[in-house]
Structure formats: structure tokens, C-alpha cells
Amino acid sequence: MSKSGDSVKQIESLRDQIRHHNYRYHVLDDPEVPDAEYDRLVRQLQALERDHPELITSDSPTQRVGDTPIKAFGTVEHRLPMLSLDNAFSADELHEFHRRVIDRLELENDNDDLDYAAEPKLDGAAVSLLYVDGRLERGATRGDGTRGEDITHNVRTIDAIPLRLIGKDYPSTMEVRGEVFMPKAGFEAYNQRARDAGEKTFVNPRNAAAGSLRQLDPRLTAERPLDMYVYSVGVVEDGELPGRHSEVLDQLQEWGLKTCPERKVVKGVAGCLAFYDDLGGRRDSLSYEIDGVVYKVNSLADQRELGFVSRAPRWAIAHKFPAQEELTVVQGVEFQVGRTGAVTPVARLEPVFVGGVTVSNATLHNIDELRRKDVRVGDTVIVRRAGDVIPEVVSVIDGRRPKGTKPVRLPRKCPVCGSKVSREEGEAVARCTGGLYCPAQRAEELKHFVSRRAMDIDGLGAKLIEQLVAIDRINTPADLYQLRQEELAAMERMGEKSAQNLVDSIEKSKGTTLSRFLYSLGIREVGEATAASLAAHFGSLATILSASEENLLAVTDVGPVVASRIRAFFDEDHNLDVIKRLQDSGVHWAETEPRAAPDDGPLLGKTFVLTGSLSGMTRDEAKERIQSLGGKVTGSVSKKTDFVIFGEKAGSKLTKAQQLEVATLDEAQFMKLLAGI
């Protein structure tokens, strides 16, 4: 066959694949592959058509925006097409776009003063809203860019969309365009409710937004936490708008339409790239999903001069972020054993670049999740990584499953020590029953014991602990206090000075607090906050050791499950033996008079979380101050948290608080709160 014939076959194959994925995405709301895979197919087709322009046809996917609307809705003809945008995947491609713009506008070749309106590329569903005399008359999806679906009854349920514009002097007829999306916190909450009810969950917030808009019953749409930002206008009659895109959005906001607060006017490519880098660095802290940045020539007169190609404007481009979802193949499924004995399935993957790093492992969470997704060795899967979140397998591409694969089963015996694996009734997590006899649990338990918030033994890292466990030098935390300088100096990557520093650190750790000691023991369900509550309530270890479950239930933060865990831990003779050996080795703390949790105080009933470094006091001092005023301090953020206090270098807790819309206070605001009490 000739080269021309090969090209025809390649082009037709790519078109068929893209049409299939368009149908899955636009019509069924059930995408089969991540965006990165779809983008690759489109770019391959564009390259072939560029080389063979005689093979371009009017029905090629490169000549249209999406696919036909579903028939369950009425059809809306867009008087002005809702075009898609060309994509840039690198700084070089952005420079090339800018060069084309200044060439067409006949500006100086080195001109970098051109104003661009920059804004996040929202990951949702594009919609058109038609306002007549200030009233919402119609809502429509983008569809294929020329015709969309009439979703008026659904957009009316979205609080962010005004049914009537406010202010005055708006055009008698005005079409506005924007993105309907589901915020991250709402998406997680919706999926959790679906899981609890045994219903199908959404793969991602974009899929959730598109699916919600296509509900035939608007009451179902109303139940879903949708939002919308407006980003442009279409048809405008009997009225005038400002001459710059950014000013148009300012005006729309004055009329009651929501616009993205992250938008900004920047100058030239340098300004665009600075905006891209800044937003990319804050991407994971935003309350909504974005997959890139959109740049638009800010002057509407310049936009008109630049015009359009068949499917996209010449005056705008989308600069995509590195893909957070990718396709890869599962090479194996292994089970890891954690500190508490949790047996967790982990997928070993064919390495793939996703979210800015190369990923070769991904969590499958627990055996129930593994079964629900039905991940098997040999499967092609979508893997997702966002920010510092552990990569996870999102779903399996069923159509690519090899023949003869078998479901993965929970091992009956621990893969590390051979002890029985069991699951408690009502728990999703399976656990090894080997306890401290299991080297995996022993090593993880010791890592927890020496950690900064526990006994704080500096210099005793994970690698050294694993070496000491492997040669059976350490079986319990008490053995740490018998280590000698000369034997440590003989360990791999240890010298005499490092060994002596470690011995000094171990000696220093002997002076601690009761709450730190309790936390270091690694009792299930006993975190820092619960350990502090136990220490404050009982005052001494002896009192805690003899406390009944009923006595324990009187402690703040302790419920029936936690009380039973504490009692079970101290009822084990080998645990009491380890505690005695630790005390005999010199581990000590100052005991206090028992005191119950405050039953009054201005902060009673309020839950706080501390994150980051405070300059005016330590976090422990801040915690003590909150507790003395009746407040409760916990280690993790949830919907029940009232305030998150953040200092310098605040991390994921602040991000989660913003996602859950929990009130946050910086150090100055926190001090003002205390001063006002």
C-alpha cells in the first residue's frame, strides 16, 4: 500500500477513536480515557491533516467542537457558535501563539506589552445563559458548538445563576457563557453519600457537573452542589458593553453574575507564564478543579481584527497543566502491612508520568475498594495524582482487559509474618493479627514511637530502625534504651559521631510528658488530642492503667470504641511489661493532679486545629490556652471543626479547611480572638 493509503487508514482510525470518546464524554457522560490520552489522539490527527490537507473533511473531529446532543432534551441553535480553544502544552507553544497574534495585529516583533486577560481553565461543563430584559429565559449546553441541549429547567436550580439580573443598563437581550462546576468539597461529600447508599459514584468533578446538568428531573439537579463562573458573552442586542474583555467581566459581575476571582490582566508572554506558574503552585489549594489557564487578548477590537479559524478563535488559547490523570498497565497487586496491622492493597504500575512526577505505585485503599473497582493484573487503568496526594487507581478500562485475568483476593496470611489476616465486623480494613511479632508492625510501631510528636528521638530514621529490626536487635520500644554507641557505629551509614549523637538523643528523650508517652504507645484510635485529654483528665499513668471503660468514657474525645481500644491495650501483659521496662530505663514525666475537662469557658463546644508555625507562642502553648478556655484541639480537619489556626508554612490542613469551608484564623486573628475573651 502507498504512503498516501497508509495515511488515509491512520486518519480514519484516529477519527473513529475520537468520535467514540466524544460520544462517551459528551453524550453518555461516561468518559473512557483521561484527557491526556484524548489530547494525544487529537494532536496526532491534527499533525496528519496538516501534512495531508487534501484529506481534511467537513465531518473530521478537528473541524467541530463536540458531538450531537442527546435526544431527551430540546435542541437550541447557538446564534454565535460556542467554539473550543486551541491548546498550548509548553512555553514554546505559547510563544508561537503570541507571535501569531502580534504578526496579525502588525505590532513590533518583540512586543511584550500586549494585554491578555488570564483566568483559570475550569474543569466543568460549558453552558450558555440567555437573559431577556434581565430575566433568565434559557439555558443550554455547548453541544457540538452550533447546537446544544435545552437545560433551562436545570440551570434554574443553581444558586450561583441569577434568575434576574441586578442593577441597570444591561442589554435587552444578552447571552452569557460560562462553566458550571462542582466544587471539590461538594464532590467528595456527594460521592461519600453515594458510597454509603451503595450508589454509583462520579469519577471526577467535571463528570459530576456534566451528569448533573443532564438530569431529566430538575429536583435531582437541585440536590447537587453546583456552582458557575461566567467567562464571556455571546449575542448582545440593544445595549453596549465595555471595550475590554476584563471590563466586560467586571460589568457582568455588577449585574449579579459570578466571575472567577482568580482572573487577572497580564502583559505579554512573561505575564502569562508568571500567572501560569503562580496558579499552578496554588492549584491544589483552590476549592474547584482546573486543568490549565486561558489567555485572551484583552482588547475586543483586537479580538475582532484577529477573528476565528473554523473551530477556534485566533485571540485565545488554553495553556494546559501537566495531566493529573493518565493511562497505564497494572503489573501486579501487592499487600502492604502498616503500623496497626492494616493490610492495604497496592497496585504496581508500568511507570507513567502524571501530575508532574513518574508514578509506579498507586493505592487501592482497601479490599472493598479493590473489589468495587475490580482491578486485576494486566488491566489498563486510569491513575490519578493531584499535588501531594498519594496516587490512586481511578477506574479500569474494561475494553482493554486481557483474557484470562482473575480477581485479586485478600490474602489469608500476612505477607510479612505469616500470621492470620482478619477483618472485624463493620470495618473495611483487614489486619494482620501478629501484633508486635510482625516485623512490619514492629518497624512501623517503632517509627511512630520515635517520631517528633511522640518521643522525639532525633537521628533514629526509618532506614536504621528497619536495619535494627531485621537483625532482631529491637523487638519493643524499650530495647531502644539499651542501644550502645559502639554497636550503632558499626551499622550501615553510621559513624562514631553520628552514633554518639543518637545515644545522646535517646537519653534526652527520657524526659517527656505523659501525653507524649501515651501517644507514642501507638494505641489504636488514640491520637495526640486524645492522649492529651487522657493525661489532663487522669493526671497519672497509674490512674489510666486502672481506669474502667466507664471511667474512660468521661474523658473528652473518648467514645465507646476508643475506650475499648485503650482498655484492651492495657489489659495485655506484654504491653504492661514494655511500659515497665521503659520506666525502668529512665523514661519519666511530671505527673499532675487529675482534672476533668472544663465544663464551662468561652470556647466550650468549639473545636480547633493548629497548623504551621506560630511566632508569638508554640503550638503546644496555643493548645494549652485553647483547652484552658474550654475549647478542644484535634489533629485533623473535618466538617465538625470550628476554626483552623494557621501560621507560617501551613500545609494540607489549611487546604482541607478551605475545601470544607471551615473558618480559618491567622496568628493575628487568633490573638485578637483570645484578647477579646
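What is the distance, in nm, between label points placed 7 Å from the Cα along the Cα-to-Cβ direction at SER287 and at MET617?
A separation of 2.9 nm, rounded to one decimal place.
Which aspartates and glutamates have a Cα less than 14 Å from the Cα of LYS640, not counting those fewer than 8 places away in the same chain?
ASP557, GLU661
Which residue, chosen from ALA531, VAL578, SER505, occupies the Cα position most advanced towards the positive end of the dipole of the range 499-600, where the dipole is computed from +1 (Lys, Arg) and -1 (Asp, Glu) charges on Cβ about the Cα centre?
SER505
Want the number for ASP112 to ASP39: 0.36 nm per residue separation, take away the alpha-carbon distance, what's left? Each step should come with its number before you reach the end.
Details: separation 73, 0.36 × 73 = 26.28 nm, distance 2.91 nm.
Computed gain between ASP112 and ASP39 is 23.4 nm.
Relative to a virtual label point 7 Å from the Cα of LEU80 in the Cα→beta-carbon direction, which members of the range 145-184 show backbone nitrogen distances below 13 Å?
171, 173-178, by backbone N distance to the label point.
Take THR556 and LYS640, extend 7 Å from each Cα along the Cα→Cβ direction, and tell me the distance between the two endpoints in nm.
About 1.4 nm separates the two model spin labels.
What list of ³J(HN,Hα) couplings, whole Hz, do you get for the range 391-405 from phi and the Karplus terms 6.51, -1.76, 1.60, once you set θ to phi - 60° and write x for glycine and proline?
3J(HN,Hα) across the range 391-405, in whole Hz: x, 9, 7, 7, 6, 9, 8, 4, x, 10, 6, x, 6, x, 6.
Grab the range 312-437 and count how many Lys pairs have their alpha-carbon atoms under 26 Å apart, sequence gap of 8 or more, or different chains. Walk me through the numbers before you get to the answer.
Details: LYS373/LYS403; LYS373/LYS406; LYS373/LYS413; LYS373/LYS420; LYS406/LYS420.
Lysine pairs satisfying the spacing and distance rule in the range 312-437 number 5.
Provide the gained length on full extension for the span SER546 to ALA590, in nm with one decimal, where the gain is 0.36 nm per separating residue minus the Cα-Cα distance. Spell out each step's value before the answer.
Details: separation 44, 0.36 × 44 = 15.84 nm, distance 1.87 nm.
Result for the pair: 14.0 nm of gain on full extension.
Tell me which lysines have Cα within less than 30 Å of LYS168's Cα, excluding those fewer than 8 residues away on the same chain?
LYS121, LYS258, LYS264, LYS296
Could you sort GLU305, GLU334 by their accessible area in this structure, using a 1.4 Å probe and putting the largest first? Present the calculation step by step, with values, prior to reporting the outcome.
On the way: GLU305 115, GLU334 90 Å².
Of GLU305, GLU334, the descending order of accessible area is GLU305, GLU334.
What is the distance in Å between the Cα centres of the range 219-270 and the range 443-461?
Spelled out, the Cα-based centre of one part sits 52 Å from the other.
Based on the Cβ-Cβ distance from ARG195 to ARG24, what FRET efficiency comes out when R0 is 30 Å, to the nearest 0.05? Mind showing how you got there, number by number?
On the way: r = 23 Å, r/R0 = 0.77.
E between ARG195 and ARG24, to the nearest 0.05, is 0.80.
In terms of modelled amide H atoms, which long-range or inter-chain residues lie less than 5 Å from the amide H of PHE353?
Sorted by chain and number, the residues that satisfy this are VAL359.
Residues with amide H under 5 Å of GLY256's amide H, sequence separation 5 or more or different chain, H placed in the peptide plane at 1.01 Å from N; which?
Placed amide hydrogens put ILE166 under 5 Å from GLY256.
With +1 on each Lys and Arg Cβ and -1 on each Asp and Glu Cβ, how big is the dipole of the chain about its Cα centre, in debye rounded to the nearest 20?
On the way: 90 positive and 106 negative charges, 328 e Å.
Rounded to the nearest 20 debye, it is 1580 debye.
Within the range 441-546, report the trypsin sites (Lys or Arg not before Pro) that DSSP leaves as loop and that have at most 12 other Cβ atoms within 10 Å. It would help to have the intermediate numbers written out before the result.
Numbers: sites: ARG442, LYS447, ARG452, ARG453, LYS463, ARG473, ARG484, ARG493, LYS497, LYS508, LYS510, ARG516, ARG524; in loops: ARG452, ARG453, ARG473, ARG484, ARG493, LYS510, ARG524.
Sparse-neighbourhood loop trypsin sites (Lys or Arg not before Pro): ARG452, ARG484, ARG493.
Please list 3J(HN,Hα) in residue order for the range 546-558, calculated via the Karplus relation 6.51 cos²θ - 1.76 cosθ + 1.60 where θ = phi - 60°; whole Hz, with x for glycine and proline.
Those phi angles translate into 9, 6, 7, 4, 5, 4, 5, 5, 7, 8, 4, 5, 9 Hz.
How are the Cα pair distances of the chain distributed, in percent, across 20 Å bins from 0?
With 20 Å bins starting at 0, P(r) equals 14, 41, 31, 13, 0.
Which whole-angstrom value gives the distance between the alpha carbon centres of the range 120-186 and the range 188-211?
Distance between centres, Cα-based: 23 Å.
Could you check how much of the accessible area of the chain is carbon and sulfur, as a whole percent, using a 1.4 Å probe? Intermediate values should be presented prior to the final figure.
On the way: 15790 of 33030 Å².
Here it works out to 48 percent.
Would you mind getting me the FRET efficiency between ARG412 and ARG524? Use the beta-carbon distance for r and R0 = 30 Å, nearest 0.05.
On the way: r = 22 Å, r/R0 = 0.75.
For R0 = 30 Å, the calculated efficiency reads 0.85.
Where in the range 607-626 is the amide nitrogen less than 18 Å from a point lying 7 Å along the Cα-to-Cβ axis of GLU648?
The answer is 611-622.
Hey, what do the phi angles of the range 183-194 turn into as Karplus ³J(HN,Hα) couplings, whole Hz, using 6.51/-1.76/1.60 and θ = phi - 60°, x for Gly and Pro?
Using θ = phi - 60°, the values come out as x, 4, 4, x, 4, 5, 5, 4, 5, 5, 4, 5 Hz.
Which whole-angstrom value gives the distance between the alpha carbon centres of the range 563-642 and the range 401-432?
Taking the Cα centre of the range 401-432 as reference, the centre of the range 563-642 is 35 Å away.
For VAL294, what residues show an amide H to amide H distance below 5 Å, using hydrogens built from the backbone and excluding near sequence neighbours?
GLU119, LYS121, HIS319
Dividing the alpha-carbon Rg of the range 503-647 by 2.2 N^0.38 Å yields what?
After normalising by residue count via 2.2 N^0.38 Å, the value is 1.08.
Find the cysteines in the chain that fail to meet the 4.7 Å Cβ criterion with every other cysteine, and list them.
CYS260, CYS272 - these cysteines have no disulfide-compatible partner (Cβ-Cβ under 4.7 Å) in the chain.
Hey, which lysines would be in cross-link range of LYS497, C-alpha to C-alpha under 21 Å, not counting anything within fewer than 8 residues on its own chain?
LYS463, LYS508, LYS510
So what is the calculated 222 nm ellipticity per residue for the chain, using -39500 (n - 2.57) for each DSSP H run with n of 4 or more, over all residues, to the nearest 500 deg cm²/dmol?
Details: 24 runs with 238 residues, N = 677.
Theoretical 222 nm ellipticity from helices: -10500 deg cm²/dmol.
Label points 7 Å out from Cα along the Cβ direction at ASP277 and GLU427: separation in nm?
4.8 nm
Where only protein heavy atoms count, and the probe is 1.4 Å, what is the accessible area per residue for the chain in Å²?
Numbers: 33030 Å² over 677 residues.
Using a 1.4 Å probe on heavy atoms only, each residue of the chain averages 49 Å².
Mind checking the full-extension length gain between ARG400 and VAL309? Use 0.36 nm per residue of separation minus the Cα-Cα distance, one decimal, nm. Provide the component values of the computation, followed by the final result.
Numbers: separation 91, 0.36 × 91 = 32.76 nm, distance 3.64 nm.
Computed gain between ARG400 and VAL309 is 29.1 nm.
R0 = 56 Å: FRET efficiency of ASP374 with LYS580, Cβ-based, nearest 0.05? Please report the intermediate quantities before stating the final value.
On the way: r = 49 Å, r/R0 = 0.88.
FRET efficiency, ASP374 to LYS580: 0.70.
Would you be so kind as to identify which of THR664, ALA362, PRO183 lies farthest towards the positive end of the dipole of the chain, taking Lys and Arg as +1 and Asp and Glu as -1 on Cβ and the Cα centre as origin?
ALA362
The values are calculated or read from the model by the stated rules, or taken from the named source; none is laboratory data. Not measured: the values here are computed from a predicted model. So basically every Cβ, Gly included, is an ideal-geometry build from the backbone, and we count neighbours across all protein chains shown. Surface accessibility is based on the protein's heavy atoms, side chains included, excluding ligands, DNA and RNA. Shrake-Rupley method; radii C 1.70, N 1.55, O 1.52, S 1.80 Å.
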